[in-house]
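One structure below.
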Amino acid sequence: MAKIFCVANQKGGVGKTTTAVNLAAGLAQLGQRVLLVDLDPQGNATMGAGINKAELNTSIYEVLLGMSDVKEARKTSETGKFDVLPANRELAGAEVEMVELDNREKRLKDALSAVDAEYDFMLIDCPPALSMLTLNGLCAAHGVIIPMQCEYYALEGLSDLVNTIKKVHANLNPDLKIIGLLRVMFDPRMTLSQQVSAQLEEHFGDKVFKAIIPRNVRLAEAPSYGMPGVTFDPASKGAQAYIAFGAEMVERIKAL
């Protein structure tokens, strides 16, 4: 049975997609069977995995609306060695169309259940807003991975996200829990980064992952080549950090 995790944060530009793509590739390198679900209409995770979103015949849009299934829509990332349920701009329309559908919050959960036995991990890259798409991701998941930068505004957004997760847990998905907070784009030279990092550890304790993802040029360059950072430049500090994060995830899941 697959472990399903959302990579979520209501704040944009915090490295959600970078985390989702590189964690998928890192887990694949560790021998795990991985499905990356792109739930963002921008389709950045799709492109970052080396799949051209402009050439898709079927995508997650058709899956959510019941016009296709995961087996038909999924693609394989040749550069990352994991499967992808891809997305493109069409997905933005699903927000409106799903309002009329039965069981609208659980469309993704129902679709993923058909391939549950084929994967060890399913990672869902959520859009940066609390929308019907994000809600579908949270209802399908066992847990949430929250990537965040160590800066003041990030702490403010975090409390909103934690409250949202609590509401979904109480009303729609009793399995949902916060798996951990991942510090990303970390610059140890900045005093503020160090202070916020210490605050996170103080408030959230072992919910904060030990792995820390540094600010890294190679990670930023990788998507333009259609490759995860961990395969684009395996020796880079960013790639090494994501591999360590993948190993920590595998260990953390054993303890759940």
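For segment 190-215, how many residues are of a type in the set (D, E, K, R) and either more than 21 Å from residue 242 (Cβ to Cβ) or assigned to a helix (DSSP H, G or I) (or both)?
Of segment 190-215, the ones of a type in the set (D, E, K, R) are 201-202, 206-207, 210, 215.
Subsequent filtering for residues that are either more than 21 Å from residue 242 (Cβ to Cβ) or assigned to a helix (DSSP H, G or I) (or both) retains 201-202, 206-207.
Residues in segment 190-215 being of a type in the set (D, E, K, R) and either more than 21 Å from residue 242 (Cβ to Cβ) or assigned to a helix (DSSP H, G or I) (or both): 4 in total.
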Filtered residue count, segment 62-73, keeping only those that are under 16 Å from residue 122 (Cα atoms) and surrounded by fewer than 20 Cβ atoms within 10 Å (Cβ to Cβ): 2
Only one of these conditions is not met by residue 96: (1) farther than 20 Å from residue 179 by Cα; (2) part of a helix (DSSP H, G or I); (3) in contact (Cβ under 8 Å) with a residue 24 or more places away in the chain; (4) of a type outside the set (D, E, K, R). Which number is it? (3)
Quick check, is residue 140 touching a Lys or Arg at 6+ places or on another chain (Cβ under 8 Å), surrounded by fewer than 17 Cβ atoms within 10 Å (Cβ to Cβ) and under 17 Å from residue 4 (Cβ atoms)? no
Kindly establish whether residue 252 is at pLDDT below 95, charged (D, E, K, R) and within 18 Å of the chain's Cα centre (by Cα). yes
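Report those helices (runs of 4 or more DSSP H) wholly inside segment 102-189 carrying at least 3 residues which are within 30 Å of residue 220 (Cβ to Cβ) and of a type in the set (A, V, I, L, M). Break it down into steps so the answer makes sense when it comes.
Working: elements: 107-113, 132-140, 152-171.
Those helices (runs of 4 or more DSSP H) span 132-140, 152-171.
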Out of (1) out of contact with any Lys or Arg (no Cβ under 8 Å at 6 or more places or on another chain); (2) modelled with pLDDT under 90; (3) surrounded by 20 or more Cβ atoms within 10 Å (Cβ to Cβ), the one residue 150 does not meet is (1)
Kindly check whether there is at least one residue in segment 188-202 that is surrounded by 14 or more Cβ atoms within 10 Å (Cβ to Cβ), touching an Asp or Glu at 6+ places or on another chain (Cβ under 8 Å) and farther than 22 Å from residue 12 by Cα. no
Which one is nearest to residue 181 (Cα to Cα) among residues in segment 221-256 that are free of Cβ contacts under 8 Å to residues at least 60 places away in the same chain, among the small types (Gly, Ala, Ser) and surrounded by fewer than 21 Cβ atoms within 10 Å (Cβ to Cβ)? 244
So in segment 19-44, with the set limited to residues that are in contact with a Gly (Cβ under 7 Å, 6 or more places away or on another chain) and within 16 Å of residue 87 (Cβ to Cβ), which one is surrounded by the most Cβ atoms within 10 Å (Cβ to Cβ)? 21
Report, by residue number, each residue of segment 168-196 that is of a type in the set (Ser, Thr, Tyr) and within 26 Å of residue 48 (Cβ to Cβ). 193
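Can you name every residue in segment 99-137 that is touching a residue at least 12 places away in the same chain (Cβ under 8 Å) and surrounded by fewer than 15 Cβ atoms within 10 Å (Cβ to Cβ)? First the steps, then the outcome.
If we filter segment 99-137 for residues that are touching a residue at least 12 places away in the same chain (Cβ under 8 Å), which is where we start, we get 99, 101, 104-109, 111-112, 114-137.
If the condition is that a residue be touching a residue at least 12 places away in the same chain (Cβ under 8 Å) and surrounded by fewer than 15 Cβ atoms within 10 Å (Cβ to Cβ), then 99, 101, 114, 116, 117, 118, 129 are the ones that fit.
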Could you tell me how many of the residues in segment 172-187 are among the aliphatic types (A, V, I, L, M), over 20 Å from residue 202 (Cβ atoms) and either crowded, with 17+ Cβ neighbours inside 10 Å or free of Cβ contacts under 8 Å to residues at least 12 places away in the same chain (or both)? 2
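The values are calculated or read from the model by the stated rules, or taken from the named source; none is laboratory data. The shown structure was predicted, so the numbers you read here are calculated from the model rather than taken from an experiment. With ideal geometry, Cβ positions are generated from the backbone for all residues, glycine too; neighbour counts draw on all protein chains shown.
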